[in-house]
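Take a look at the structure set out below.
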Amino acid sequence: MAADGLHENETLASLKSEAESLKGKLEEERAKLHDVELHQVAERVEALGQFVMKTRRTLKGHGNKVLCMDWCKDKRRLVSSSQDGKVIVWDSFTTNKILTASGDGTCALWDVESGQLLQSFHGHGADVLCLDLAPSETGNTFVSGGCDKKAMVWDMRSGQCVQAFETHESDINSVRYYPSGDAFASGSDDATCRLYDLRADREVAIYSKESIIFGASSVDFSLSGRLLFAGYNDYTINVWDVLKGSRVSILFGHENRVSTLRVSPDGTAFCSGSWDHTLRVWA
Amino acid sequence: MSSKTASTNNIAQARRTVQQLRMEASIERINVSKASADLTSYCEEHTRNDPLLMGIPTSENPSRIRRPAPSYREVVKWILPSSQQSK
């Protein structure tokens, strides 16, 4: 008589060891294609010129920490939320659905009008802290980052995780797709930001410096994808050359942690929000 | 929970993990050189359209237009459509 739930020749131990060897195989397969570093391919690209950015606006009015913000499509207005508000992510191709990430370790897709749960996404081993929708041309996927140090890419229709990346050494606070949809960046409490290419199925760049020891809370790309703006818990914003892997600029101004950061839809400026109760527009 | 159910759950979980990993291991991948080349050429193609890279003349950048710092009332006007503002 077969033991509970087991197929022939299976034991818990054999399943675990198969899982381990598959993890090893995944690493091997990914390593085989690691024939060059991104920054080496980028050597032939013209270096960036000098980078000058200043606070152009300081918006005061919130009574508590600023946690999250976004630009409206009309490119002029901003929406922000504070510790006394709510956080909502709107699906980019329809405004009737909401995608949420939760401390219970799952993500969920809801229909707003009926309040119905349309799809749930299980796989993170701890709180999910962030998510981003793929640019609409590239299909129905989104990426999530969690306290389990994993970034996971999901198919919205099937609820299935299609790719997972576990190279960060601490919580992933922010994930953002590269404008072409072929890659995404992440910011983490391990004080690094990283770039993962979806078609190579691996991390292709790390943005870090020995002098940066505080976590990155929020990341976003400039329109061409050449620049990565990242807000940190040491109150600064670092601007990275995505291709070459080097830091282009460091921006000072906030008087407390930078908690959120977004580039405007027309790409002419970006906005940062902070625990210092202000938002700054940079250009 | 009986130990029978617990071990069934562990096994079911382990089997799901193995299935997921098998699926992830089998996806088609491309070389980092090809992926990097594509990322690089996307950047180059779109450089011209990236105002934060190119810089735009101060007179044309809405964020750089000089005006006195807005009062809170002005900021509210700017953010809320007029129908929602109290008189």
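Coordinate-derived values only; no laboratory data. Just so we're clear, the structure is a prediction, and the values are computed from it rather than from any experiment. Cβ coordinates were reconstructed from backbone atoms using ideal geometry, including for glycine residues, and neighbour counts include every protein chain displayed.
What is the average number of partner chain Cβ atoms found within 10 Å of a Cβ in A:156-169?
Taking all residues of A:156-169 together, the mean is 1.
Fewest Cβ neighbours within 10 Å first, please rank A:Leu228, A:Leu117 accordingly.
So the ranking, lowest neighbour count to highest, is A:Leu117, A:Leu228.
Within 10 Å of each residue's Cβ, count the other Cβ atoms and sort A:His277, A:His168 from fewest upward.
So the ranking, lowest neighbour count to highest, is A:His277, A:His168.
Of all trypsin sites (Lys or Arg not before Pro) in region A:100-191, which ones are in loop regions per DSSP and have a Cβ with at most 13 other Cβ atoms within 10 Å?
A:Arg157
Taking beta carbons within 10 Å but only from partner chains, what does the mean come to for residues B:11-19?
Mean number of neighbouring Cβ atoms from other chains: 6.
If you plug each phi of region A:30-44 into the Karplus form 6.51 cos²θ - 1.76 cosθ + 1.60 with θ = phi - 60°, what whole-Hz ³J(HN,Hα) values come out, in order, with x for Gly and Pro?
5, 5, 4, 8, 7, 8, 7, 8, 3, 5, 6, 4, 7, 4, 7
Under the 0.36 nm per residue contour assumption, what length would be gained going from the current alpha-carbon distance of A:Ser114 and A:Asn256 to full extension?
Gain on stretching A:Ser114 to A:Asn256: 47.1 nm.
Would you please give the residues with an amide H less than 5 Å from that of A:Leu223, counting only those at least 5 places away or on a separate chain, with H modeled from the backbone geometry?
B:Leu52
Whole-Hz Karplus ³J(HN,Hα) for region B:14-29, in order, using 6.51 cos²θ - 1.76 cosθ + 1.60 and θ = phi - 60°, x for Gly and Pro?
Result, ordered by residue: 4, 5, 4, 4, 4, 4, 4, 5, 4, 5, 5, 5, 8, 6, 7, 10 Hz.
Which of A:Lys209, A:Lys244, A:Lys54 comes first, and how do the rest follow, when ranked by fewest Cβ neighbours within 10 Å?
A:Lys54, A:Lys209, A:Lys244
Long-range amide H contacts for A:Thr167: which residues qualify at under 5 Å (H placed 1.01 Å from N, peptide plane, sequence gap of 5 or more or a different chain)?
Sorted by chain and number, the residues that satisfy this are A:Ala151.
Each residue of region A:207-216 in order: what ³J(HN,Hα) in whole Hz does its phi give by Karplus 6.51 cos²θ - 1.76 cosθ + 1.60, θ = phi - 60°, with x for Gly and Pro?
Each residue's phi maps through the Karplus curve to give 10, 7, 8, 4, 6, 9, 10, 9, x, 8 Hz.
Between region B:1-45 and region A:135-165, what is the separation of their alpha carbon centroids in Å?
Centre-to-centre distance over Cα atoms comes out at 11 Å.
Would you grab the residues whose amide H sits under 5 Å from the one on A:Cys68? Only those 5+ places off in sequence or on another chain, please, with H modelled 1.01 Å from N.
A:Ser81
Let me make sure I get this right: for region A:12-282, a, b and c are the square roots of the gyration tensor eigenvalues over alpha carbons, sorted descending. Under 1.5 in a/c it's rounded, otherwise prolate if a/b > b/c, else oblate. Which is it?
oblate
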